[in-house]
Each structure stands twice: as C-alpha cells, then as structure tokens.
Amino acid sequence: ERRTMASNEHILKASPPGTKVLRFPRLTSAAGNALQTVCALFFASYFFFAPAIGAILAALWWTGLVSGLAIGCAFAGYTLQVILYAPHRNRGWSPHLLLYNPLTDYVLHYYDAVCVREGPEIDPSGRYLFACYPHGVYGVCRAFSGGIKNWGQLYPGITSRWGSFGMAFYIPGVREFSLGAGCLDAGKKTLSQAINKHKQNITLLPGGIDEMQLTDGTSNVTQLVMEDRKGYAKLAIENGCDLVPGFCFGEKWIHENWLLPRWLRALLYKTVRMSGVVLKGRGPTFLGYLGVPLGFVWGEPIKVMQQDEVDPAYLDQVHAEMQRSIRSIFDRHKENFGYPEDERLEFVTVKDARRTSRGGDTKKES
C-alpha cells in the first residue's frame, strides 16, 4: 500500500519551536539513482559479505589461482584476529568510516526519507544517550543517526557510538560493518568506559531482539518492549547522560518478514542471542520496498541527574518520562508519516514479548 508523507509545514505544526526538518528526496538522475541504490544495498547486505567472499575464494581455488593452503592460512589468520583483537570492548573504530559519512545520506535518499529534530540544537558539550524505538527487523533506523548532511545539521559537534549485541563482532562481514560504523559491545562495562574514559555519547535500541521479533506490518499496533526494560535509563543515570528519545516511522512496512519455527527461534536466542526472523526485501536482496514514508523523529532531551547508587523511584520517574516522550512523538506525528488514525502504540513487558514472538501469534511462521 502506497502511503503519503506530510509537508514540512504539517510536521512543524506538530512539533515544538526550534524544530528542524530534513528531507532526502530520491535522486532521479541516472548517476544519483545508481549511487543511492548501491549505498542502500551495501548498508543492507552485511550478512552477505562473508558468503560473497567465500564464493570468490572457492572460485579462485577451483580455477587454481589460489591454493587451498593459502586459503586455509588466511582463514586461520582471520579466526585468530577475531579471537584476539577486540576493539569493540575498548575504544572501537572511528564511526566516520561508515556512519558519519555520505554513504548514510545516500541511504536516506534511497528511502525518500525525512528526519526531524524536535526543539533547538542541543549543547555539544553535554553527555547524551540516544534511545531509539522500535528496533525493527533490520535496523534501517540506524541510518538516521549518521550522515554528513543529516547528523551534521541536526546535531552539529556531536557524535555517538552505537551499542550492539556481542555476537555481531564474531560474525564475518557483520563484524567489519559494525566496527566500521563505530559500534561497541553493548555491555554495561564497555558503554560506561566509552562515556567516562573516552568522552563518547551512546546510541541504543533498548527493545533489542525481543522487540525486533514483534515487528508486524500487518497490524495496526506497534509494540515496544518498554514496560519493564529500564537498563538504558539506569545507564544514563549512573553516567549523567541526558536521554534523547527517538522513534522510527515506517520501518515495519519496508520488508516482509516471517518467523522461523518456534524451536529454532528458541535455539538461536539461547545460544547466540540472535533473532529468529527471516525478512525479504526487493528481489533477492534486503533492500527495503519503496513507496513507504520512512522517517525518524528525535525528541527533545530529557534532563537526567547523575546518581552513583540509582534510586529505584528516580529510575521509574526517568523511565516514565521516556515513555511519555515516545508516546507523544508517536501520537503527534503518526499521521504525518502515513499511519492510519487508528494506529496505536503499546508498551509490553519482556515476558509478554517473548511469549508472543515464540508463540507465533501475530506473524506467519516458515
């Protein structure tokens, strides 16, 4: 179903003073179209990098251009550095390699995207934790946290590090893409070190895999695993980071997705903390479908008071404020991004999310 995006005027009318709206219209020239498509394909294909390289090496071995011994040595060397070299637990790689790079702007152009920062510019000397919802099946929302034209205009002087699930740094191809985007292990120790020792801001998808598996483009309910997941808020309080809420509109419609069989989902989750969702994009790729208003709204920061020992009552207060901010963003902007009037937001517990996703209540099972 083709949906329409509201004008800048309508978006600004639903937003507080000082709001900035950036549009990334699809490029129509032959060169522009090719560039945006290649960038979006690269951004969506990191799970295919390792199989592609494997196929090339197999072809080289088959033709006799490279010996099996050379390939075996290369494989052993790569495996050894994966085990011994762990930048994701320290400073990481520079996020300018892939994230704060024109590549990400062209990804947004491919999706005809709109990014909104509510309120005036924020102080670049502050500490921030950017919390994004919903997770989505493939995390296309990550593109809204980067770019030169995008992030450089919305948050001048500010950069941030994504926290990623640990297994990402052990999967060939995914590892290199994640490091190139400046990702760090999402463990508390690593993120706290990044904030305090390396003076970095942090970006998270707090809903995680549990929220990812609730993605359902056929439903008029968007479920967020937000009722009892407060770790992001505790991290912000312990480290004195103001919270910046963010919501991605339209991502649930840009792919088709199916749940793997229940036993396989449970196995993947318990062993490697990976999702049991299979997705389909355009043709044989993970490129998202077009004709969907894909957009992101960053809300105004929520001021946070640092506490070494977090008061449970204050934690609940900060978490409740984040819930109110996310709901407000959704309610004020849903129609601007093509959502029907009856579309609604629902906060669920981790337990309810796992029961729903493992039970296959709302999505097709393969």
Study note, to complete from the structure: Over the range 13-60, the set of residues within 16 Å of Ala113 (Cα to Cα), in a helix (DSSP H, G or I) and open to solvent by 50 Å² or more (accessible area, probe 1.4 Å) is Asn33, Leu35, Leu41
Study note, to complete from the structure: Scanning the range 128-165 for residues that are open to solvent by 30 Å² or more (accessible area, probe 1.4 Å) and more than 9 Å from the chain's Cα centre (by Cα) gives Ile148, Lys149, Gly152, Gln153, Pro156, Gly157, Thr159, Phe165
Check your understanding: How do the pairs read when you match residues in the range 334-350 that are touching a residue at least 60 places away in the same chain (Cβ under 8 Å) and surrounded by 19 or more Cβ atoms within 10 Å (Cβ to Cβ) with residues anywhere that are of a type in the set (Phe, Trp, Tyr) and part of a helix (DSSP H, G or I), using Cβ under 9 Å and keeping only pairs 6 or more apart or on different chains?
Key -> Gly338/Trp253; Tyr339/Phe330; Leu345/Phe330
Point to revise | Residue under evaluation Asn220, criteria (1) open to solvent by less than 20 Å² (accessible area, probe 1.4 Å); (2) over 28 Å from Ile158 (Cα atoms), criterion not met | key: (1)
Study note, to complete from the structure: Pairs returned, first residue in the range 140-158 that is more than 15 Å from Arg23 (Cβ to Cβ) and part of a helix (DSSP H, G or I), second residue that is of a type in the set (D, E, K, R) and open to solvent by less than 10 Å² (accessible area, probe 1.4 Å), beta-carbon separation under 7 angstrom, 6 or more apart or interchain, are Ile148/Asp105
Check your understanding: If we scan the range 81-100, do we find a residue that is basic (Lys, Arg), in a helix (DSSP H, G or I), surrounded by 12 or more Cβ atoms within 10 Å (Cβ to Cβ) and touching a helix residue (DSSP H, G or I) at 6+ places or on another chain (Cβ under 6 Å)?
Key -> yes
Check your understanding: If you check Phe347, Phe330, which single one turns out to be assigned to a strand (DSSP E or B) and either within 27 Å of Lys230 (Cβ to Cβ) or modelled with pLDDT under 90 (or both)?
Key -> Phe347
Exercise for review: Just give me the residues in the range 275-302 being touching a Ser or Thr at 6+ places or on another chain (Cβ under 9 Å) and of a type in the set (D, E, K, R), in sequence order.
Suggested key: Glu300
Practice item. Tell me which of these Val140 doesn't satisfy, since it passes every other one: (1) modelled with pLDDT of 95 or more; (2) under 23 Å from Ser45 (Cβ atoms). Key: (1)
Point to revise | Search result, residues across the range 102-127 that are surrounded by fewer than 18 Cβ atoms within 10 Å (Cβ to Cβ) and assigned to a loop (DSSP other than H, G, I, E, B) | key: Gly119, Pro120, Glu121, Asp123, Pro124, Ser125, Gly126
Check your understanding: Restricting to strands (runs of 3 or more DSSP E) lying wholly in the range 225-304: which have 3 or more residues that are open to solvent by less than 20 Å² (accessible area, probe 1.4 Å)?
Key -> 242-249, 295-298
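The values are calculated or read from the model by the stated rules, or taken from the named source; none is laboratory data. Quick caveat: nothing in here was measured; it's all calculated off a predicted structure. When we count neighbours, we look across all protein chains shown, and the Cβ atoms used for this are built from the backbone with ideal geometry, even at glycine. All accessible areas refer to the heavy atoms of the entire protein, side chains included, with ligands and DNA or RNA removed. Shrake-Rupley method; radii C 1.70, N 1.55, O 1.52, S 1.80 Å.
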